[in-house]
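Below is one structure, written out as structure tokens; comments come after it.
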Amino acid sequence: MTIRSVVLGCGSYLPQRVVTNAELASRIETSDDWIVQRTGIRERHVAAEGEFTSHLAINAARAALAAADVDPQSIDLIVLGTSTPDNTFPATAVAVQDGLGIHHGAAFDLQAVCSGFVYALATADNFLRSGSFKRALVIGAETFSRILDWNDRTTCVLFGDGAGALVLDAQRQDGTSADRGVLTTHLRSDGRHKAKLYVDGGPSSTQTVGHLRMEGREVFKHAVGMITAVIVDAFEATGLSAETIDWFVPHQANKRIIDASAHKLHIAPEKVVLTVDRHGNTSAASIPLALDVAVKDGRIKKGDVVLLEAMGGGFTWGSALVRW
Ligand code: ACO
């Protein structure tokens, strides 16, 4: 017998405003063709003035709690993956906790950029399996629109805003890969790459928020190798494989990175859940947003094995296998 973190439900939230490639092309020197060919992105959502990361996160969390059909008061842990907090401190997670009317347990932010959701999932899973907490909200929420340089065409076309959340419940299972719940997580980072994707401001260095800067080609060059290696680690830890997983829900950075990773791992294209065309890269929010799409449209069902992976600034990267 072992304790597993079983998914009780998921939810998501996207700001109302949609910005198409055509709209961007009317403002900066770019084109729908260039963006679609290089990235697969057609449109992204952008938060309204006065709409903060915490607001997106609260909406996603409420949807996840409703889908799970559990009382918010049963939640004793909130881990929020974000790189675009409402304020430098306190953690956006405590605003979410308060917004949900929860005033017990623990809530904190986790910053691993685009890998934030996989890091948050692994952290919550370890707390649940150790017995420290019983029921967790794991959230990825971002307003990257606030840290983009909207005059830099090499970055501003890539990102969007949104939030997604999962409710995890500590439950006794047999301890085999046939269990429901999080079966394995693998986290990696290598700070030698920290200057390839970063924000050029911060409280300690510049006392400003800063803007996202990226060496796109360098990120691309490393992405597929790092992603596929950490997925192989997940397969080896569980005995599962490209053939035995049901769904591949990758971080939605770029369709070319996703396609190349799936191809290298021999994951069938029909198992790949893609939302990058409609959401753009929503950093820590992209995986739970994509999970919610595939649950709602009936693809991901109870008992299915779902492979998650992400890679982002740092570099950080990681993988998880979850039986729904
Ligand atoms: N519209 C039109 N032209 C553009 C644009 C744009 N939005 N952006 C760049 N260009 C131009 C460049 O100026 C360059 O022109 P030049 O040849 O005259 O100098 C040309 O297009 C090619 O630029 P590259 O940067 O070499 O283009 P590349 O094919 O590498 O594509 C991209 C750029 C899409 C950023 C790619 O490198 C990539 O996908 N990298 C991965 C980055 C990523 O996904 N990051 C997300 C965060 S990290 C993560 O989540 C994994």
Scanning the range 62-108 for residues that are among the aliphatic types (A, V, I, L, M) and under 16 Å from the mean Cα position of the chain (by Cα) gives 64, 78, 79, 80, 93
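Does residue 202 satisfy being farther than 25 Å from residue 279 by Cβ, of a type in the set (Gly, Ala, Ser) and without any contact (Cβ under 8 Å) to a residue 12 or more places away in the chain? Break it down stepwise before answering.
Values: farther than 25 Å from residue 279 by Cβ: yes; of a type in the set (Gly, Ala, Ser): yes; without any contact (Cβ under 8 Å) to a residue 12 or more places away in the chain: yes.
Considered against the rule, which asks whether it is farther than 25 Å from residue 279 by Cβ, of a type in the set (Gly, Ala, Ser) and without any contact (Cβ under 8 Å) to a residue 12 or more places away in the chain, residue 202 comes out as yes.
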Where residues in the range 306-324 are in contact with a helix residue (DSSP H, G or I) (Cβ under 7 Å, 6 or more places away or on another chain) and of a type in the set (Phe, Trp, Tyr), which of them is nearest to residue 244 (Cα to Cα)? 317
Looking at residue 299, is it farther than 30 Å from residue 52 by Cα, open to solvent by 20 Å² or more (accessible area, probe 1.4 Å) and not in a helix (DSSP H, G or I)? yes
Of the residues 212, 291, 265, 240, which is within 14 Å of residue 114 (Cα to Cα) and either more than 15 Å from the ligand (Cβ to nearest atom) or touching a Ser or Thr at 6+ places or on another chain (Cβ under 6 Å) (or both)? 212
Going residue by residue through the range 221-228, is there one that turns out to be farther than 30 Å from residue 6 by Cα and outside any strand (DSSP E or B)? yes
Quickly run through the range 248-264 and pick out the residues that are open to solvent by 40 Å² or more (accessible area, probe 1.4 Å) and either within 19 Å of the chain's Cα centre (by Cα) or assigned by TED's automatic domain parsing to the domain that holds residue 163 (or both). 255, 256, 259
Residues of the range 153-187 being within 16 Å of the ligand (Cβ to nearest atom) and either farther than 22 Å from residue 307 by Cα or open to solvent by 10 Å² or more (accessible area, probe 1.4 Å) (or both), in sequence order, are 153, 154, 155, 156, 157, 158, 159, 160, 161, 187
Restricted to the range 74-129, and to residues that are of a type in the set (D, E, K, R) and farther than 19 Å from residue 8 by Cβ, which residue is nearest to the ligand (Cβ to nearest atom)? 109
Return the residues of the range 28-61 that are within 22 Å of residue 11 (Cβ to Cβ), open to solvent by 30 Å² or more (accessible area, probe 1.4 Å), touching a residue at least 60 places away in the same chain (Cβ under 8 Å) and assigned to a helix (DSSP H, G or I); say none if nothing qualifies. 59
From 276, 224, 219, residue being in contact with a strand residue (DSSP E or B) (Cβ under 8 Å, 6 or more places away or on another chain), over 27 Å from residue 179 (Cβ atoms) and crowded, with 18+ Cβ neighbours inside 10 Å: 219
Go through the range 164-199 and report how many residues are touching a residue at least 40 places away in the same chain (Cβ under 8 Å) and assigned to a loop (DSSP other than H, G, I, E, B). 7
What number goes with the only condition from (1) touching a residue at least 24 places away in the same chain (Cβ under 8 Å); (2) more than 20 Å from residue 287 (Cα to Cα); (3) touching a helix residue (DSSP H, G or I) at 6+ places or on another chain (Cβ under 8 Å) that residue 79 does not pass? (2)
Sort out which residues of the range 7-24 are open to solvent by 40 Å² or more (accessible area, probe 1.4 Å), within 16 Å of the ligand (Cβ to nearest atom) and not β-branched (Val, Ile, Thr), and write them in order of number. 22, 23
Looking at (1) in contact with a helix residue (DSSP H, G or I) (Cβ under 7 Å, 6 or more places away or on another chain); (2) under 28 Å from residue 219 (Cα atoms), which one does residue 88 not meet, given that it meets all the others? (1)
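The values are calculated or read from the model by the stated rules, or taken from the named source; none is laboratory data. Everything numeric in this text was worked out from a predicted model, so none of it was measured. Reconstructed Cβ throughout: ideal geometry from the backbone, glycine too, with neighbour counts over all protein chains shown. Keep in mind that these areas ignore ligands, DNA and RNA; they rest on the heavy atoms of the full protein, side chains included. Shrake-Rupley method; radii C 1.70, N 1.55, O 1.52, S 1.80 Å.
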